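The values are calculated or read from the model by the stated rules, or taken from the named source; none is laboratory data. Predicted model only: the values in this text are computed from it and were never measured. So basically every Cβ, Gly included, is an ideal-geometry build from the backbone, and we count neighbours across all protein chains shown.
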């Protein structure tokens, strides 16, 4: 896990990368509710309203499906998928 100066929380997962823009995350939890692998947990990083942001608890469980990115009402999540060769 790495956090940039711009407030981007990034985690490498087997099929890509999970990026969370903490300045956009309001901690609503929709991504946690819809994750098919139930791999998102509250992190110690705070979001835009001082609420906890999310992070994959075990990056090996994240399949980079992008559902969390799709349901986020604030576009705070970006999933980058790796190309399979």
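Across the range 38-54, the number of residues qualifying as surrounded by 14 or more Cβ atoms within 10 Å (Cβ to Cβ) and in a loop (DSSP other than H, G, I, E, B) comes to 3. Scanning the range 39-68 for residues that are without any contact (Cβ under 8 Å) to a residue 12 or more places away in the chain and either on the phi > 0 side of the Ramachandran plot or under 10 Å from the mean Cα position of the chain (by Cα) (or both) yields one hit, 50.
When residue 11 is evaluated against the numbered criteria (1) modelled with pLDDT under 95; (2) assigned to a loop (DSSP other than H, G, I, E, B); (3) in contact with a helix residue (DSSP H, G or I) (Cβ under 9 Å, 6 or more places away or on another chain), which criterion, by number, is the only one it fails? All conditions are met except number (2).
Scanning the range 16-37 for residues that are in a loop (DSSP other than H, G, I, E, B), touching a strand residue (DSSP E or B) at 6+ places or on another chain (Cβ under 8 Å) and buried (at least 16 other Cβ atoms within 10 Å of the Cβ) returns 22, 25, 27.
Mind listing whichever residues of the range 55-78 are outside any loop (DSSP other than H, G, I, E, B), touching a strand residue (DSSP E or B) at 6+ places or on another chain (Cβ under 6 Å) and modelled with pLDDT of 95 or more? I'd like the intermediate steps shown before the answer.
Applying the first criterion (outside any loop (DSSP other than H, G, I, E, B)) to the range 55-78 yields 55-56, 59-61, 67-71, 77-78.
With touching a strand residue (DSSP E or B) at 6+ places or on another chain (Cβ under 6 Å) added as a condition, the list becomes 55-56, 59, 68-69, 77-78.
Of everything in the range 55-78, those that are outside any loop (DSSP other than H, G, I, E, B), touching a strand residue (DSSP E or B) at 6+ places or on another chain (Cβ under 6 Å) and modelled with pLDDT of 95 or more turn out to be 68, 69, 77, 78.
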